[in-house]
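Note sheet for the following structure.
What follows draws every value from the coordinates through simple rules; no lab data is involved. No experiment lies behind these values; they were computed from the predicted model shown. We place every Cβ from the backbone using ideal geometry, glycine too, and count neighbours over all the protein chains shown.
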Amino acid sequence: MSVILASAGYDHTIRFWDALTGVCSRTIQHTDSQVNRLEITSDKRFLAAAGNLYVRLYDIRQGGSTGNNAAQTSAANAGTGGGSNSGGNSDNNPVMTFEGHTNNVTSLAFQAENKWMVTSSEDGMVKVWDVRSPSVQRNYKHNCPVNEVVIHPNQGELISCDQDGNIRVWDLGENQCTHHLIPEDDVPINSISVASDGSMLVAGNHKGNCYVWKMQNQKDITSLTPVTKFRSHSKYITRVLLSTDMKHLATCSADHTARIWSTEQNFTLETTLQGHQRWVWDCAFSADSAYLVTACSDHYVRLWDLSNSETVRQYNGHHKGAVCVALNDV
């Protein structure tokens, strides 16, 4: 089992870590900008990094260039019209660059088979891209910065949230917005998460409030029913994330903590993860939902054992704030 753990942030580097030892195994220079979000493709082949204007795709497989890798890189470079030869060894050059946004790319997600990707941006747009040839297939417009977009497990709908407090559901088949929710007027929704079976949607806002909806899909029509609202933090929420088994909700905050909530017990607080010294920006659950990785402005990435709320490992190497993390231990 190969565990892929990567983090990035304001020091313009992407770092891969040996999850068990805490040693940094590879560093990629991301010279354009800070990195806002990282995602690993489900086949563990590529890491996508969302920055200012661009999304860049990097080959996760290490070592010298195999013929296959070299051919793929040259093909990708030819296809993107430059921008991919940024110095350093060929392994650390992006194999593909997605250009089209005009401001920070705030989030991204891959379709189940990694055939297409969706991105959100402060330019007010949600874009759907063909991953095989980096081209925009769809554009969906918010009238303000979009903070996050997720793909419904049915692969037919996108859900996005924005700085004006809107949540929108986009039907890819009908190519239009089918739902528009405003939990609190003019309170930015910073993050959303959808349950792995599509049964639940969670949103976290600027005031520290979490909103939960039950989602049902009948005859390809999704309905949303409010379930609960609760105060998760006294400050700004940066990220909400449901575990794969849907039993836990993680929330990250400007209050220097991450918290774990029980979805089965009406979102009662299970634990508060304390130890970070600044804003906690991002998190990722292990596949068995027993561990959580967090990224923080204090430069550190931490691995937490959720059974005792202890830090198992601290990953040291970033020299500015770490704002995003990606984990695949399947």
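Averaging over all projection directions, find the projected area of the Cα convex hull of the range 133-200 and quote it in nm² with one decimal place.
Details: hull surface 20.5 nm².
About 5.1 nm², averaged over all directions.
Take the Cα atoms of the range 214-304, build their convex hull, and give its volume per residue in Å³. Numbers along the way, then the final one.
On the way: hull volume 10.0 nm³, N = 91.
That works out to 110 Å³ per residue.
For the range 171-330, take the convex hull of the Cα atoms, compute a quarter of its surface area, and give me that in nm², please. Present the calculation step by step, with values, prior to reporting the outcome.
Details: hull surface 41.4 nm².
Computed as one quarter of the Cα hull surface, the answer is 10.3 nm².
Decide, for the range 249-291, between rounded, prolate and oblate: order the square roots of the alpha carbon gyration tensor eigenvalues as a ≥ b ≥ c, take rounded if a/c falls under 1.5, and otherwise choose prolate if a/b is larger than b/c, else oblate.
Judged from the Cα gyration tensor, the range 249-291 comes out oblate (a/c at least 1.5, b/c at or above a/b).
For the range 108-261, take every pair of Cα atoms, bin their distances at 5 Å starting from 0, and report each bin as a whole percent.
2, 10, 20, 23, 22, 15, 7, 2, 0
With θ taken as phi - 60° and the coefficients 6.51, -1.76 and 1.60, list the Karplus ³J(HN,Hα) couplings across the range 111-116 in order, rounded to whole Hz; mark glycine and proline as x.
Once rounded to whole Hz, the list reads 4, 3, 9, 6, 7, 9.
Given just the C-alpha atoms of the range 188-265, how large is their convex hull per residue in cubic angstrom?
Details: hull volume 6.5 nm³, N = 78.
Cα-based convex hull of the range 188-265, divided per residue, equals 83 Å³.
Hey, which lysines would be in cross-link range of Lys44, C-alpha to C-alpha under 20 Å, not counting anything within fewer than 8 residues on its own chain?
Correct list for Lys44: Lys115.
Based on C-alpha coordinates, I'd like the Rg and Dmax of the range 185-230, in Å.
In order Rg, Dmax, the Cα atoms of the range 185-230 give 11.5, 36 Å.
Using only the Cα atoms of the range 162-216, what are the Rg and Dmax in Å?
Computed over the Cα atoms of the range 162-216, radius of gyration and Dmax are 11.5, 34 Å.
May I ask for log10 I(q)/I(0) of the range 92-193 at q = 0.10, 0.16, 0.18, 0.24 Å⁻¹, from a Debye sum over the Cα atoms as equal point scatterers with solvent left out?
The computed values of log10 I(q)/I(0) come out as -0.25, -0.63, -0.80, -1.34.
Report the equivalent ellipsoid semi-axes for the range 99-138 in whole Å, largest first, defined as the square roots of five times the eigenvalues of the gyration tensor built from alpha carbon atoms.
Details: eigenvalues 61, 22, 9 Å².
Working from the Cα gyration tensor, I get semi-axes of 17, 11, 7 Å.
Within the set of other residues whose C-beta is less than 14 Å from the C-beta of Ser135, count the net charge using Lys and Arg as +1 and Asp and Glu as -1. Spell out each step's value before the answer.
Numbers: positive: Lys115, Lys127, Arg132, Arg138; negative: Glu99, Asp130.
Its environment carries a net charge of +2.
Just the ratio, please: alpha-carbon radius of gyration of the range 6-52 over 2.2 N^0.38 Å, N its number of residues. The partial results should precede the final answer.
Values: Rg = 10.8 Å, N = 47, 2.2 N^0.38 = 9.5 Å.
After normalising by residue count via 2.2 N^0.38 Å, the value is 1.14.
Quick one: net charge around Tyr10, please, counting Lys, Arg +1 and Asp, Glu -1 for every other residue with C-beta under 14 Å from its C-beta.
Values: positive: Arg15, Arg37, Arg278, Lys320; negative: Asp11, Asp32, Asp282, Asp298.
With Lys, Arg at +1 and Asp, Glu at -1, the net is 0.
At 0.36 nm per residue, and after removing the present C-alpha to C-alpha distance, how many nm does the segment from Glu99 to Arg138 gain when stretched out fully? Each step should come with its number before you reach the end.
On the way: separation 39, 0.36 × 39 = 14.04 nm, distance 1.37 nm.
Value of the extension gain: 12.7 nm.
Just the number, please: Stokes-Einstein D of the chain in µm²/s, Kirkwood Rh from C-alpha pairs, 10 °C, 1.306 mPa s.
On the way: Rh = 19.9 Å.
Estimated diffusion coefficient is 80 µm²/s.
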